[in-house]
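The values are calculated or read from the model by the stated rules, or taken from the named source; none is laboratory data. What you are looking at is a predicted structure, and each value in this text was computed from that prediction instead of being measured. In this analysis, Cβ positions are derived from the backbone assuming ideal geometry, glycine residues included, and neighbour counts consider all displayed protein chains.
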Amino acid sequence: MLAAALLVGSALGVSHSTFAEPAKDAVAADVGTSKRLRLLTTQQYVNTIQYFFGADIKVDAKFAPLTRTDGVLMAGTSVAGVSDAQIETYQKIANIVSTQVVDARHRETLFPCKPLDDKTADNACATKFLTRVIDYLYFIPPPKEHYVKMVNEAGVAAKRLNDFYAGIQVVLESVLLNPDVLLVVESEEPDPRHPGHMRLDSYSQASRLSLFLWNAAPDPALRAVANRGDLFDSKKRARVVDSMLASPRLETGVRAFFDDMFGLEGTETLSKDATVYPYFLGGIAAEAREQTLRTVVDQLLKRDGDYRDLFTSRETFMSPTLGILYGVKALPGWRAYEFPPEAHRAGILTQASFLALNSHSTRSSATLRGKALRELILCQKVPPPPANVDFSAVENPDPKLKTARQRLDLHRQNPVCAGCHKITDPMGLALENFDGAGRYRTDEKGAPIDASGSLDGKAFTDVEGLGQALHDSPILPTCLVRRAFSYATAGVVPMSADPALAQFNKTFASEGYRLRPLLKAITLNDAFSKVIEPSAAPAAEKSASIPHPEKVASNP
Amino acid sequence: MKTQRSVLRKAWLGSAVIAGFGVAALGGASIAVGASETATAEHAAFPDVAPPDRTIAYAFTERMEAVYQAKDKDGKETREECANGLNESGAREQFAESFPQTDGKKWKLAESHVAREAEIWFPNTGPDKFPFKEVTGKLSYGLNLDGKVKASDFTSPDGKVQGIDNQFYRAVGCIASYREGSSQLLFYEEYLEGKQFNRNIVELTDVDSLQNDDDVTVTTYRGLDPLVKDAKGDFAANATQRVDAVFGKDFIQTFKGRIVNGVLTTAPGPDFVWANENHTDASTEFMRAARFELHLTPERMEGVIGGYLDVETGYRAMIKRYGTHQISYGKLAAGSLYKVLRRLADAYPDPVTGENTAISSALEVKGASVHLVHPDKKVADADTGTRPKQVAANSEQATIEKR
């Protein structure tokens, strides 16, 4: 359980030579990010607990939602607050976890020792257990007095409660509530390679690496690496990153990143009108999310494939519930599945997660889909609709207008709306062959659907054409790079990072748009670990702007 | 739960007409099977194209005995079909009458309860000391199985079909258990959905059109997967079912049919074998020379299956599924029902006794389309050992063996 995933990763033997080495001189001296004070996300907390105590420790956690910042939820972890209600949630979870850890079923395996008398305190055994726990859970090792204090408190509680394990439970609960466990407080120190500049300290770098690549706190092996200062040695650091990229835990990290980038957290609250979409079964939104994440992991990690192929590939995974929505055979469990060409399902944009998330509860939305495509996939900013926009053409349409294209054509006659709809609709209308739940259709209210459109000047006639246009768009990979860097550093990408982004883009392209080389390039770059003052790191959002003066309606 | 029952019957079963589908020999009699003359609006709504791979399958989502109940224009029961009223002498009433305790008499268990159970499990065809009320009406759902119009036959409620063979209805139509609102019917859907064994499937192959095709093959199977309900609470179409080709071979039967105006009719075929499981017991039943009349859409199937129910198998399946406790609520007395089923049996005479062993009947069914997954040939061809006796290949022999 406590085995170091680093060692597991190394054993997989991923070839280091295939990865790009860090660009030693590509970074200007002022490249870097601010040091962060970050909240652990729900899944990071769960992963951290379960990686240490075991997957059978139930952590039914649900923290407050984060604010998506410059397109990335993870960036919201460094601007979040902690309310009283959130602290109450933390305490409840800490109690539940600590109770499980010391219960009769788990203590045999989770404790490195047995008390001489389990009816009273045993400082020696408490020290062994609590030292391991604190060493693992605290992002920065506390002073030695803290260990002594915790052991003493466990002793006092054990004597009062006449139970060694009850005493440990009380202290473990307080450990799990400690800000040094729930918050990542990044620290800086002078960077001897660049005199006059600052870098994250060893523990902070380890935390960034682990939260980025594994979506969990550093494991004991990575902490040991940090303890030795190995992360400051470029060769040793590269070996550590290679090991982390080869670890099975990378899948957890990659799932979390793409879940964030594609906005899949929206599936948790997604619902459809059952009378309109009866085939949008209970639980199907979660399965749609899982389908997309499985597709991503398969393409980018298991096949080590080209990121751009995610938008054209017909290969995915299928569950029985999704089979009903897609109208295909689906055996129990998750199975690899390839859509036939006639299904017109190619790429993740044609999966239920994207289609249903970016629709209304009773109808599809070419505008929402086009907007999501622009913002999530291409990192472009679509302005909100003006306050005085008239939505009647789409919300209460003339019944003679049967298709979304017809309704939007009318809506665009309003010049206030027209400009920005030209940005979103040509892409969104290419997805109109899929209804609001994601089921394929050839007509809307009996009228045939025209799924032609264009993306930045490239015309296509159907959704496969849209996928290919995205695949070939030079913006597509650069958006991933940008999102990955923002996610990795948990903040808005500063303009000063442009040279680093350019280097990442170059590496990504030269490595065939494979994910691992990109992740390695980011984590080995000084921009990942250097600290610059906030004044040197303007929080200007650098989403690619769409040169249009008017705002776009997000509702139709 | 079954409030639609009569409405559905009017919509689906009342449209049947004799269209001279085909003729088959059955004990010297010729049989005409009906097909609907007109397409419904629903059928016209979907494109007249072949289903994928020229194949479509449906899992049964509803299955019950077709029982006609006369109603007035307000939908209220008139009970015209039961001129003598409904049966009032069920299991509890018969027990109370047989073993009165009014004079303080104490009955031994063996001479009362055990004796009654023996009457249920070892029934006979002797005279019934209790009155039994059969259907007296002339209207019924079902199919004209023998192509004849006899005095004992029924006419469809809309008057379009003569010669309907459904003596099973005559036997059970005035028993509350089989009528709307009975606890037995209330449980039908629950068991069909909730019990895995009840997964009957019908697959159509060689289908060029769901609206008109003069030659399709119909095969029945048992499926392995649960039924799925959609977000509205209806059974979802497009789910996947795996064929039970290992332990479900007895359910695999093939029929030939054709589709006219969206209605599938099959020629008299082999046994239609169906799984029947309730909260405690699983059983199989079968009707002989079965034929289907099903209205089809790409997502739904609805209609009737007619044939000759094997009395012994059907009776034993019924008493296995329902204890005296359950049937008491519907005024059903098993021993009495056995006598009347045997008396009204109208086909398949026993070669030794000459007594008929099967009774004309009809099942009302509904289904949702499913994607059927057939097993590898190696699995399908595997020898799975002895078949259950009650569903032996030669059902006539099975009937004899049980006596």
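Details
- The listed residue being part of a loop (DSSP other than H, G, I, E, B), more than 9 Å from chain B (Cβ to nearest Cβ) and under 22 Å from the mean Cα position of the chain (by Cα), out of A:Asp304, A:Asp298: A:Asp304
- The residues on offer are B:Ala245, B:Ala239, and the sole one that is away from chain A (no Cβ under 14 Å), crowded, with 20+ Cβ neighbours inside 10 Å and of a type in the set (Gly, Ala, Ser) is B:Ala245.
- Residues in the stretch B:347-378 that are away from chain A (no Cβ under 14 Å) and β-branched (Val, Ile, Thr): B:Val352, B:Thr353, B:Thr357, B:Ile359, B:Val365.
- Among all residues of the stretch B:382-391, there is at least one that is in a loop (DSSP other than H, G, I, E, B), β-branched (Val, Ile, Thr), exposed (fewer than 15 other Cβ atoms within 10 Å of the Cβ) and modelled with pLDDT under 95.
- Every condition in (1) surrounded by fewer than 20 Cβ atoms within 10 Å (Cβ to Cβ); (2) out of contact with any Asp or Glu (no Cβ under 9 Å at 6 or more places or on another chain) holds for B:Arg291 except the one numbered (1).
- Selection status of A:Ala3, surrounded by fewer than 22 Cβ atoms within 10 Å (Cβ to Cβ) and modelled with pLDDT under 85: yes
- Applying the set (1) surrounded by fewer than 18 Cβ atoms within 10 Å (Cβ to Cβ); (2) under 37 Å from the mean Cα position of the chain (by Cα); (3) under 28 Å from A:Ser204 (Cβ atoms) to A:Glu108 leaves exactly one unmet item: (3).
- Sole residue being at pLDDT 50 or above and part of a loop (DSSP other than H, G, I, E, B), chosen from B:Asp48, B:Asp53: B:Asp48
- In the stretch A:330-351, the count of residues that are buried (at least 24 other Cβ atoms within 10 Å of the Cβ), within 13 Å of chain B (Cβ to nearest Cβ) and assigned to a helix (DSSP H, G or I) is zero.
- Flag if A:Arg237 is more than 29 Å from A:Ile140 (Cβ to Cβ), surrounded by fewer than 24 Cβ atoms within 10 Å (Cβ to Cβ) and either among the β-branched types (Val, Ile, Thr) or away from chain B (no Cβ under 14 Å) (or both): no
- Across the stretch A:306-339, the qualifying residues are those that are without any contact (Cβ under 8 Å) to a residue 40 or more places away in the chain and of a type in the set (Val, Ile, Thr), and the one among them that is farthest from A:Leu281 (Cα to Cα) is A:Thr316.
- Within the stretch A:499-524, residues that are hydroxyl-bearing (Ser, Thr, Tyr) have Cβ atoms under 6 Å from residues that are at pLDDT 95 or above and outside any helix (DSSP H, G or I) in these pairs: A:Tyr513/A:Asp306, counting only partners at least 6 apart in sequence or on another chain.
- All strands (runs of 3 or more DSSP E) inside the stretch A:183-269 with 2 or more residues being of a type outside the set (A, V, I, L, M, F, W, C) and more than 30 Å from A:Ile284 (Cβ to Cβ): A:188-190
- Of everything listed in (1) within 14 Å of another protein chain (Cβ to nearest Cβ); (2) in a helix (DSSP H, G or I), the single unmet condition for A:Glu290 is (1).
- Taken over the stretch A:62-79, residues that are surrounded by 19 or more Cβ atoms within 10 Å (Cβ to Cβ) and over 23 Å from A:Ala372 (Cα atoms) amount to 2.
- Restricted to the stretch A:259-285, and to residues there that are away from every other protein chain (no Cβ under 14 Å) and free of Cβ contacts under 8 Å to residues at least 40 places away in the same chain, the residue that is nearest to A:Gln43 (Cα to Cα) is A:Asp259.
- Inclusion of A:Thr362 among residues that are within 14 Å of another protein chain (Cβ to nearest Cβ) and either in contact with an Asp or Glu (Cβ under 7 Å, 6 or more places away or on another chain) or among the hydroxyl-bearing types (Ser, Thr, Tyr) (or both) is warranted.
- Residue identified as over 22 Å from B:Gly269 (Cβ atoms) and of a type in the set (Phe, Trp, Tyr) among B:Phe122, B:Phe168: B:Phe122
- So A:Thr321, is it crowded, with 17+ Cβ neighbours inside 10 Å, in a helix (DSSP H, G or I), within 14 Å of chain B (Cβ to nearest Cβ) and hydroxyl-bearing (Ser, Thr, Tyr): yes
- Residues satisfying the stated conditions in the stretch B:199-235, i.e. over 17 Å from B:Val373 (Cα atoms) and either out of contact with any Lys or Arg (no Cβ under 8 Å at 6 or more places or on another chain) or within 14 Å of another protein chain (Cβ to nearest Cβ) (or both): B:Ser209, B:Leu210, B:Gln211, B:Asn212, B:Lys229, B:Asp230, B:Ala231, B:Lys232, B:Gly233, B:Asp234, B:Phe235
- Test: B:Leu344 is at pLDDT 95 or above and farther than 26 Å from B:Ser177 by Cβ: no
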